[in-house]
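No lab work stands behind these numbers, since they all come straight from the coordinates. Fair warning: this is a prediction, and the values are worked out from it, not measured in the lab. All Cβ positions, even for glycine, are placed from backbone atoms using ideal geometry, and neighbour counts span all protein chains on display.
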Amino acid sequence: MQVNYTQYTFGIFQLILLVSNYDVKDRIMSEFSLLENKVCFAMYSATNAMVRQYRPLLQEYDLTYPQFIVLLALYEKDNVTLSEIGQKTFFDSGTLTPIIKKLEEKQFLKRVAVKEDERMKKVILLEKALAAKDEITLIPFKLACSLGVDPNDLVAIHNLCHRFLKGLEDSKLESLSE
């Protein structure tokens with residue numbers, strides 16, 4: 001069942017406006033507007049907590065979480081353009097460029113000009129990144145094991161996040177066409 005959250009939210013507000021009993025209206029408004037009741041805040045908080053859990057595991061490699069994400073994307077497919085990395089990681093160029101520069105300074109990768117178009121750059125993993133690949137790619141599994149969460153729940157959360165992301169992308173496309 002597809003839920004239109006804009007209509008759902010609008011319906012809640014209509015209900016609030018129709019309620020004549022101010023005690024009920026105040027209770028509905030206070031419960032509806034609590035920060036803890038917001039999906040976006042729950043996801044934001046969980047993401048921040050997850051990144052904090054990654055921090056000590058990444059310190060051994062002198063990586064930040066965004067740098068780790070870029071390396072994982074490059075482990076999947078090396079020798080790609082910056083725009084391909086941006087599409088894979090959802091980082092815009094203003095975010096991605098400093099991450100790539102820092103990884104280049106740390107000698108995990110290098111940028112090389114594309115022969116057909118000198119303005120375009122491809123990113124190639126260096127020996128340091130390749131040598132650490134097995135260990136770095138195991139970090140998510142180490143973290144998952146330390147969480148004490150049922151693996152089936154992690155799979156369900158993963159799948160739900162991807163469905164949520166697709167819904168956000170689809171709604172963005174629909175709102176642009178209207």
In order through the stretch 55-72: 3J(HN,Hα) via Karplus (6.51 cos²θ - 1.76 cosθ + 1.60), integer Hz, x for Gly, Pro: 3, x, 6, 8, 4, 4, 9, 6, 10, 8, 4, x, 5, 4, 4, 5, 4, 4
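Just want the ordering: Phe164, Phe91, Phe141, from fewest to most Cβ atoms lying within 10 Å of their own Cβ.
Working: Phe164 12, Phe91 20, Phe141 9.
Neighbour counts put them in this order, fewest first: Phe141, Phe164, Phe91.
Quick one, can you get me the convex hull of the C-alpha atoms of the stretch 84-178 expressed as volume per residue in Å³?
Values: hull volume 14.6 nm³, N = 95.
Taking only Cα atoms, the stretch 84-178 has a hull volume of 153 Å³ per residue.
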The stretch 61-131: translational diffusion in µm²/s, Stokes-Einstein, Kirkwood Rh over Cα pairs, 37 °C, 0.692 mPa s: 274
Given points 7 Å out from each Cα along the Cα-Cβ axis, report the Lys128 to Phe164 separation in nanometres with one decimal. 3.5
Can you give me the C-alpha center-to-center distance between the stretch 102-178 and the stretch 34-87, rounded to a whole angstrom? 7
Sorted by chain and then number, the residues having a modelled amide H within less than 5 Å of the amide H of Met120, at least 5 places away or on another chain, are Val114
What is the set of long-range amide H partners of Val80 at a cut-off below 5 Å, with H atoms built 1.01 Å from backbone N? Val123
